[in-house]
Amino acid sequence: MSPEVYLFGQVLGTHSFLLRDGFLKPDEYAEISAQYFLPGGETGTAATVLDSLGVTVRMDGTWIGCEVAPMLRAFYAGKKVDLSPLRFRTDDPGVMDYVVIAGLVRSPMGRFQALFSSGEKWWNTPREQDIAGCRAAAVDPFFGEDSLLAAGLCGRFGVPYVTIDCPHDSPLHRGAAVNVVSGECVSQHYAGMTPEAIMALMQRETDGLTILTQGGGDMLYARKGGPIRRMKPFRVPVRSTLGAGDTFKAGCVYGVLRGMDDEELVRFSAACSAVAISRFPLPLYPPTPEEVAALIRGADKTE
């Protein structure tokens with residue numbers, strides 16, 4: 001029996017460091033209050049969150065090296081996440097990043113520019129048999145033609161997919177059920193444009209839902225031919241923002257899988273993300289359906 005959801009993208013080992021007294025300052029000592037080595041990456045984090053939401057998952061993407069593999073296998077043992085498509089290597093430590101966190105501020109470090117500029121492939125090619133039979137998917141845009149292939153296979157088998165940070169003229173955006181656009185994508189592709197102008201561009205190019213997230217500001221969401229709607233994010237005490245966007249994406253996948261309407265999907269995804277930023281580390285304390293529902297009920301009572 002196929003899992004409910006297929007995920008394709010970055011699966012990493014993330015070294016996270018939570019600082020006690022604010023973010024790093026030049027030439028000053030910083031005390032680490034907690035540190036972990038856990039699954040990360042846009043796809044790894046989404047798999048963890050979806051498992052916590054009760055969804056069965058199959059994930060593929062980044063090759064897994066010998067330093068990451070033991071942690072990854074141990075973490076997902078007993079969870080509803082199928083690792084069988086992943087390629088495990090013994091000749092390389094694997095892709096890792098390092099993230100320093102202090103509340104609302106975080107700084108990721110890694111070697112991704114060197115990896116992408118090397119000309120060498122360090123991820124899998126998606127396969128038909130891994131996608132056919134699934135009911136929803138997430139396809140991240142980082143792996144070029146292979147990301148397009150994954151999206152194309154989703155289209156062939158009628159599997160609606162969520163993507164992230166794809167500009168309006170991207171084939172991934174055109175074919176997506178949901179495209180979640182962050183401030184990073186806006187600054188890269190649409191500097192100086194208003195959120196409304198960006199949304200108008202996005203709406204014209206797809207029949208899917210576009211969501212423009214703005215950190216602590218209002219989210220905008222819309223479809224072709226429809227009005228641009230707004231929604232405020234949930235207000236929670238922030239412990240760490242690491243994984244907030246990946247959790248929002250996972251919430252969108254859940255919403256697509258469960259047939260939620262646009263407002264319900266955006267609200268559910270925002271609540272998932274809000275729960276995520278209220279604790280650290282996210283992989284050990286992912287949002288549960290009960291926590292998400294409680295946050296939404298609490299917000300409804302105060303509106």
> Taking the range 93-110 only, how many residues are over 13 Å from LEU12 (Cα atoms) and not aliphatic (A, V, I, L, M)?
Replying inline: 3
>> Can you report the number of residues in the range 153-179 which are assigned to a helix (DSSP H, G or I), crowded, with 17+ Cβ neighbours inside 10 Å and over 16 Å from the mean Cα position of the chain (by Cα)?
In response: 3
> Is there a residue in the range 174-181 that is polar (S, T, N, Q), touching a Pro at 6+ places or on another chain (Cβ under 8 Å) and within 17 Å of LEU265 (Cβ to Cβ)?
Replying inline: no
> Tally time: how many residues in the range 216-234 are under 20 Å from ILE296 (Cβ atoms) and either touching a strand residue (DSSP E or B) at 6+ places or on another chain (Cβ under 7 Å) or surrounded by fewer than 18 Cβ atoms within 10 Å (Cβ to Cβ) (or both)?
Replying inline: 11
> For ARG223, which of the numbered conditions (1) under 24 Å from GLY44 (Cβ atoms); (2) touching a helix residue (DSSP H, G or I) at 6+ places or on another chain (Cβ under 8 Å); (3) basic (Lys, Arg) fails to hold?
Replying inline: (1)
> Pick from ARG239, ARG279, ARG229: which is over 16 Å from the mean Cα position of the chain (by Cα) and under 23 Å from TYR76 (Cα atoms)?
Replying inline: ARG279
> Within the bounds of the range 235-244, is there any residue that is over 25 Å from THR48 (Cβ atoms) and surrounded by fewer than 19 Cβ atoms within 10 Å (Cβ to Cβ)?
Replying inline: no
>> Tell me the residue from GLY54, GLY65, GLY110, GLY94 that is surrounded by fewer than 23 Cβ atoms within 10 Å (Cβ to Cβ), over 21 Å from GLY259 (Cα atoms), in contact with a helix residue (DSSP H, G or I) (Cβ under 8 Å, 6 or more places away or on another chain) and small (Gly, Ala, Ser), please.
In response: GLY94
>> Quick test for you: out of MET202, MET231, MET193, pick the one residue that is among the aliphatic types (A, V, I, L, M) and touching a His at 6+ places or on another chain (Cβ under 6 Å).
In response: MET202
> In the list VAL186, VAL181, VAL139, which residue meets the criterion of being aliphatic (A, V, I, L, M) and within 16 Å of MET59 (Cβ to Cβ)?
Replying inline: VAL139
> Inside the range 244-293, can you point out the residues that are in contact (Cβ under 8 Å) with a residue 60 or more places away in the chain, closer than 18 Å to THR56 by Cα and either charged (D, E, K, R) or not in a helix (DSSP H, G or I) (or both)?
Replying inline: ASP246, LYS249, PRO286, PRO287, THR288
> What are the pairs, 6+ residues apart or on separate chains, where a residue within the range 54-74 that is more than 20 Å from ASP130 (Cβ to Cβ) has its Cβ under 8 Å from a residue that is basic (Lys, Arg)?
Replying inline: GLY54/LYS80; GLY65/ARG89; CYS66/ARG89
> Being without any contact (Cβ under 8 Å) to a residue 60 or more places away in the chain and aromatic (Phe, Trp, Tyr), is that true of even one residue in the range 132-154?
Replying inline: no
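Where a number appears in this text, it was derived from the coordinates with a stated rule and is not lab data. Predicted, not measured: the structure shown is a model, and the values here were computed from it. Virtual Cβ from ideal backbone geometry, glycine too; neighbours counted across all protein chains shown.
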